[in-house]
Amino acid sequence: MDATDSRRRFLRQAGLGAAVAALAAPGAAAAMLAQPLTAAMQNSDKKKLGWAIVGLGKFATEEIMPNFKDCQHSRLVALVSGSPDKAQKLAQQYGLQEKNIYSYQNFDSIKDNPEVDVVYIILPNSLHAEYTIRAAQAGKHVLCEKPMATSVHDCQKMIDACQKAGKQLMIAYRCQYEPFNLNAIERIRKGELGKLRFITSDHGRRVKPTEDKADTWRVQKKLAGGGSLMDIGIYSLNAARYFAGEEPVEVTAQIASDPNDPRFKEVEDNVAFTLRFPSGVLAACTSSYSYETVKRGRVFGDKGWLDLDPLSDYDKHTMKIGKPDGKEEPQLKEGNQFAAEIDHLSECILQNKTPRTPGEEGLRDVRYIMAIYESARKGKAIKV
Ligand code: NAD
């Protein structure tokens, strides 16, 4: 919500229709904006931004929607779904107005809904681009799930559409809003581990498309874009980059999938990749769709190592640090990473700041993912 939007909304809420009309008139807006904010306007500026969720699947309904309760600057106001019954039920549960339920077909009419400031895209990966672009064209800011898109080209189109509309685009890298990860980054940057040497990160889980509906599109290339790398290897990749604090210059990779496993007819199972960073730090990362859940990362410096296991779970994170004089396990407070992430974008919109994980951050990962696939295909290192 920019300053003009904010004032317009306040005036509308205050029933000052004539003033809204004045704001819409060319020239009048500038004159109005030049006036000092009244106390009431300032209060209205502090109000929570309205969010719409697109896609009411497992992650949206089980993790995101319940966590709006802890948001300071964001409130859930609208739903976009292909299933009217599910949307109705959830709208009732969350006290949302029926007029704020949209289908994928009438989604574009959300542009006429001043209650919605931000649209959060939680659809299968290959649909992220279309709905981000449509949201931007409807004049809404966007939070989009990872991976940002299934091609570099789509990522660029999303960035361009949001830029053209003058709206913010953030990618939902929740670990970058999670206290254990933030604390680890702080320790690394302060030099607690000494000079960084090596990073490892592994993300694996057993994908079960016949038992879990949320896994059916994950094994379809057209919807997922790829397999374990796109879905969870991206956590290993992103963590290696934020721990290193620099961008890789070269990647190598190998991929192995059981050709007799029907889950891996279209997408890959096991990926092992390395990243070489300019300072000389190496990262060795893996992702898999065929073993029990692993979500860990370790950073090795010449004065110690730091371990997060899990690194990217929804809760119950642990940190261990190893130094020459022994091991320690800092007791950090678990935080609500979902609320922190959502509020971060609302605050950035209200304060006109660039989010910590903008579209460009998502594009970088998709570019490296494509280089990882290329390296595995060609059997050689790829400069990035
Ligand atoms: P899901 O299958 O449970 O949800 C996807 C939703 O999209 C469903 O409601 C489905 O009906 C809807 N949909 C609309 N058009 C569709 C189509 N053509 N085909 C299939 N579904 C369609 O999946 P999910 O696990 O909730 O994942 C959704 C997105 O969220 C993905 O991009 C995924 O990477 C991301 N995600 C992120 C995290 C995280 O921790 N950040 C965790 C899980 C999922």
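Among the residues of the range 304-323, none qualifies, meaning not one is modelled with pLDDT of 95 or more, closer than 30 Å to Lys378 by Cα, among the aliphatic types (A, V, I, L, M) and open to solvent by less than 30 Å² (accessible area, probe 1.4 Å).
In the set (1) in a loop (DSSP other than H, G, I, E, B); (2) over 23 Å from Gln337 (Cβ atoms), the condition left unmet by Gln254 is number (1). Within the range 326-370, the set of residues being in contact (Cβ under 8 Å) with a residue 40 or more places away in the chain, open to solvent by 10 Å² or more (accessible area, probe 1.4 Å) and either of a type in the set (Gly, Ala, Ser) or in contact with a Lys or Arg (Cβ under 6 Å, 6 or more places away or on another chain) (or both) comprises Gly335, Ala340. Quick one: would you say Thr210 is open to solvent by less than 40 Å² (accessible area, probe 1.4 Å), outside any helix (DSSP H, G or I) and over 21 Å from Leu79 (Cα atoms)? In short, no. Summed over the range 309-366, residues that are away from the ligand (no atom under 16 Å from the Cβ) and of a type in the set (A, V, I, L, M) total 5. For the range 78-95, the candidate set comprises residues that are within 9 Å of the ligand (Cβ to nearest atom) and of a type outside the set (Ser, Thr, Tyr); within that set, the residue that is surrounded by the fewest Cβ atoms within 10 Å (Cβ to Cβ) is Gly82. Residues that are open to solvent by 30 Å² or more (accessible area, probe 1.4 Å) and out of contact with any Ser or Thr (no Cβ under 8 Å at 6 or more places or on another chain) do not occur anywhere in the range 232-241. Among the conditions (1) more than 15 Å from the ligand (Cβ to nearest atom); (2) under 23 Å from Ser151 (Cβ atoms); (3) among the small types (Gly, Ala, Ser), the only one that Ala224 does not satisfy is (1).
Each residue in the range 143-165 was checked for being surrounded by fewer than 20 Cβ atoms within 10 Å (Cβ to Cβ), farther than 15 Å from Val119 by Cβ and not β-branched (Val, Ile, Thr), and 7 of them qualify. Candidates Glu115, Glu98, Glu145: the one that is away from the ligand (no atom under 11 Å from the Cβ) and under 28 Å from Glu360 (Cα atoms) is Glu115. Applying the criterion of being in a helix (DSSP H, G or I) and among the polar types (S, T, N, Q) to the residues of the range 108-131, the residue that is farthest from Gln156 (Cα to Cα) is Ser109. Taken over the range 47-72, the criterion of being assigned to a loop (DSSP other than H, G, I, E, B) and either β-branched (Val, Ile, Thr) or surrounded by 20 or more Cβ atoms within 10 Å (Cβ to Cβ) (or both) is satisfied by Gly55, Leu56, Cys71. Sub-9 Å Cβ pairs linking a first residue in the range 112-130 that is not assigned by TED's automatic domain parsing to the domain that holds Val54 to a second residue that is among the aromatic types (Phe, Trp, Tyr) and away from the ligand (no atom under 16 Å from the Cβ), at least 6 apart or interchain, number zero.
In the set (1) outside any helix (DSSP H, G or I); (2) in contact (Cβ under 8 Å) with a residue 40 or more places away in the chain; (3) more than 30 Å from Lys47 (Cβ to Cβ), the condition left unmet by Gly322 is number (2).
Evaluated against (1) more than 10 Å from the ligand (Cβ to nearest atom); (2) not in a loop (DSSP other than H, G, I, E, B), Gly139 falls short on exactly one condition, (2). State yes or no: is Arg189 under 16 Å from the mean Cα position of the chain (by Cα) and not assigned by TED's automatic domain parsing to the domain that holds Met65? Here the answer is no, as Arg189 does not meet what is asked.
Looking only at residues in the range 166-203 that are on the phi < 0 side of the Ramachandran plot, away from the ligand (no atom under 16 Å from the Cβ) and in a loop (DSSP other than H, G, I, E, B), the one that is least open to solvent (accessible area, probe 1.4 Å) is Leu193.
Restricting the first member to the range 196-215 and to residues that are more than 11 Å from Thr293 (Cβ to Cβ), and the second to residues that are part of a strand (DSSP E or B) and of a type in the set (Val, Ile, Thr), the beta-carbon pairs closer than 7 Å and six or more apart or on different chains are Leu196/Val299; Ile199/Val299.
Taken over the range 47-77, residues that are within 15 Å of the ligand (Cβ to nearest atom) and out of contact with any Pro (no Cβ under 9 Å at 6 or more places or on another chain) amount to 14. Within the range 273-297, being open to solvent by 50 Å² or more (accessible area, probe 1.4 Å), away from the ligand (no atom under 15 Å from the Cβ) and either more than 29 Å from Ile64 (Cβ to Cβ) or not in a strand (DSSP E or B) (or both) holds for Thr274, Arg276, Pro278, Ser279, Leu282, Tyr291, Glu292.
The values are calculated or read from the model by the stated rules, or taken from the named source; none is laboratory data. Only a predicted model underlies this, so the values are computations on that prediction, with no experimental measurement involved. Methodologically, a virtual Cβ is constructed for each residue, glycine included, from the backbone with ideal geometry; neighbour enumeration extends over all protein chains shown. Please note that ligands, DNA and RNA were not included when accessible areas were found on the heavy atoms of the full protein model with its side chains. Shrake-Rupley method; radii C 1.70, N 1.55, O 1.52, S 1.80 Å.
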